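Contents: one structure, followed by commentary.
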Amino acid sequence: MRRLAIKYHISHYQFDVLLLACMVSLLFFSITQVSDVVAEEPDRSIEVQHGAYLARVGNCMGCHTTKGGQPFAGGRRLSTSFGIFVTPNITSDKETGIGLWNQQDFWQALHQGKSSDGRSLYPAFPYTEYTKVTRQDANAIFAYLQSIPPISQSNPPNDIFFPYNLKPLLAIWRILYFKEGVYEPDQSRSDAWNRGAYLVQGLGHCNACHTTRNMLGASQDDTLAGGQIMGMNWYAPSLSSYQEAGSGDWAIEEIVELLTTGITKRAVASGPMATVIKQSLQYLSQEDINGMAIYLKSFTENEGGNTPGVRFLVMSGSLQKHLDFGGQLYEKHCQTCHGSDGKGVPGIYPALADNRSVMMSSPLNPIRSVLNGGYPPTTAGNPRPYGMPPFQQILRNEEVALVVSYIRNAWGNRSSLVTAVDVDRSKGRN
Ligand code: HEC
Ligand code: HEC
Ligand code: HEC
């Protein structure tokens, strides 16, 4: 050592100083190393926690889990008019899940709809909406998914009908209908509005259901204009029209109440919407759900009150008789819960009088409610919801048509009549 010092013409004194400096910096370096590690841990766990929250907002678990199955291990069958999609395993398992993926692979899936091997994914995975999610949020979701225990579970492949199983078709579809891009805030709007828009258009993927789709399953627009859900006999109403589920004349608090508890004095969430609230929306932070409500309200805010649609029925003698039959069925089967005045019991049985879901021009949902019965979502705000029994086995198609026609025209309600053919058509798929 000393010889080394001499060789480089450094005095003993200088050498000692140098040695000391080295030791100090080494010590300093190792301290900062340690503190880096200490500092990195909480950051990472905050990111994982944030990712868990965002995965809730996106309801990833809802699709990537079978009934009673392991969370995120996939295997859920989604039947559509194009065939059956089977969701993949997205746990951190290295062989059957996405344990070997890196951040970039995950970003490519969420943002571009491509798997890690470059294969184009089918839009049954709503990347057409998730593409709006920021890179930072995507990274957090990935960190969360990688943090949950690996589950080894191989799932069967998709079973897609010809010609939709042909690769080039998906490529053309993507060129025509897929617009890649992170959400861009509208500077003329408030932060809360933009937050709501970001969540509704992106992770919340509301437009995956609340839209009309063309023959190739592509959404016709992104204005939440409503439509029948693909592969399900449910109608997701327009959120941008007063005639359906626009909420321009609702107070923000009531929209928040509907989205988090599933029931308010004038509406109740049923079927697939009850599931969305139960699995996802009820867990949103006050700030995020407020933003959503502000954004949803803004669609119809300036339309100035409820503008009734084509809801006129000219009362004739035979029509009155028809509705009277429906009224008798109502009295017998429905009145105990929904009341003779159709006002229900607040927070327990929904009002049918002045209920926009009952009067919607598509009678599909009220018919489905009567046939299947159902429960509002189980939420912290409504932990033990009261249910409605199914009437499929009790009432014939004609009777369902009569009672639904009745509730659409009683207590000041006005809407089109329902026929036994409508009822028959709404049976079948969920
Ligand atoms: C509406 C149902 C649905 C929801 C909600 C959903 N997914 Fe999927 N996801 C699918 C389907 C179906 C596929 C397979 C598509 C295919 O095979 O082309 C898929 C594929 C994927 C893939 C690609 C896996 C691979 O091996 O290539 C990833 C990653 C993924 N989803 C992550 C997520 C995340 C993260 C969320 C929540 C933010 C989410 N998914 C929400 C249905 C869904
Ligand atoms: C899986 C499909 C699906 C998704 C995703 C979905 N909805 Fe719905 N939504 C429905 C259906 C079906 C209805 C009609 C049944 C009902 O009224 O509850 C509905 C009804 C509604 C209603 C009216 C409820 C009423 O009774 O007046 C609102 C408001 C609503 N959805 C908001 C949203 C928002 C916001 C999102 C995204 C965060 C969303 N929905 C995502 C299927 C969906
Ligand atoms: C035991 C009480 C009970 C009886 C009897 C009952 N309902 Fe219901 N009804 C409910 C509950 C609870 C809900 C909310 C269910 C949900 O969210 O899925 C509901 C929901 C509905 C809805 C959907 C309202 C909306 O806003 O989406 C309609 C329509 C309806 N009932 C009509 C009827 C008719 C018609 C009958 C008789 C044939 C009937 N109900 C009998 C309790 C009842």
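The values are calculated or read from the model by the stated rules, or taken from the named source; none is laboratory data. As the structure is a prediction and not an experimental result, all values here were calculated from the model. In this analysis, Cβ positions are derived from the backbone assuming ideal geometry, glycine residues included, and neighbour counts consider all displayed protein chains. Quick note on the areas: whole protein, heavy atoms, side chains included, nothing else; ligands and nucleic acids left out. Shrake-Rupley method; radii C 1.70, N 1.55, O 1.52, S 1.80 Å.
Filter the helices (runs of 4 or more DSSP H) completely within the range 60-132 down to those with at least 3 residues that are open to solvent by less than 30 Å² (accessible area, probe 1.4 Å) and among the small types (G, A, S). Don't jump to the end; show me each part of the working.
Working: elements: 60-63, 103-112, 127-130.
Of the helices (runs of 4 or more DSSP H) lying wholly inside the range 60-132, none has at least 3 residues that are open to solvent by less than 30 Å² (accessible area, probe 1.4 Å) and among the small types (G, A, S).
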Count of the range 242-263 residues which are in a loop (DSSP other than H, G, I, E, B) and either open to solvent by less than 20 Å² (accessible area, probe 1.4 Å) or within 14 Å of ligand 3 (Cβ to nearest atom) (or both): 8
Single residue of the range 140-162 satisfying the filter (assigned to a helix (DSSP H, G or I) and open to solvent by 30 Å² or more (accessible area, probe 1.4 Å)) that is farthest from ligand 1 (Cβ to nearest atom): S147
Cross-chain or 6+ apart pairs with Cβ under 7 Å, the range 164-181 first and under 22 Å from Y130 (Cα atoms), then aromatic (F, W, Y): L170/Y122
Among residues of the range 163-185, those that are open to solvent by 90 Å² or more (accessible area, probe 1.4 Å) and not in a helix (DSSP H, G or I), counted: 3
Every pair of residues 6+ apart whose Cβ atoms lie under 8 Å, when the first sits in the range 391-412 and is without any contact (Cβ under 8 Å) to a residue 40 or more places away in the chain while the second is basic (K, R) and away from ligand 3 (no atom under 11 Å from the Cβ): Q392/K427
Filter pass, G217 being part of a loop (DSSP other than H, G, I, E, B), within 27 Å of T65 (Cβ to Cβ), among the small types (G, A, S) and under 16 Å from the mean Cα position of the chain (by Cα): no
Hits in the range 51-61 - residues which are under 17 Å from A109 (Cβ atoms) and among the small types (G, A, S): G51, A55, G58
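Working only within the range 90-111, note down all residues that are under 19 Å from the mean Cα position of the chain (by Cα) and in contact (Cβ under 8 Å) with a residue 24 or more places away in the chain.
Applying the first criterion (under 19 Å from the mean Cα position of the chain (by Cα)) to the range 90-111 yields 90, 109-111.
Passing the criteria: I90, L110, H111.
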Some residue of the range 373-389 being touching a Ser or Thr at 6+ places or on another chain (Cβ under 8 Å) and among the basic types (K, R): yes
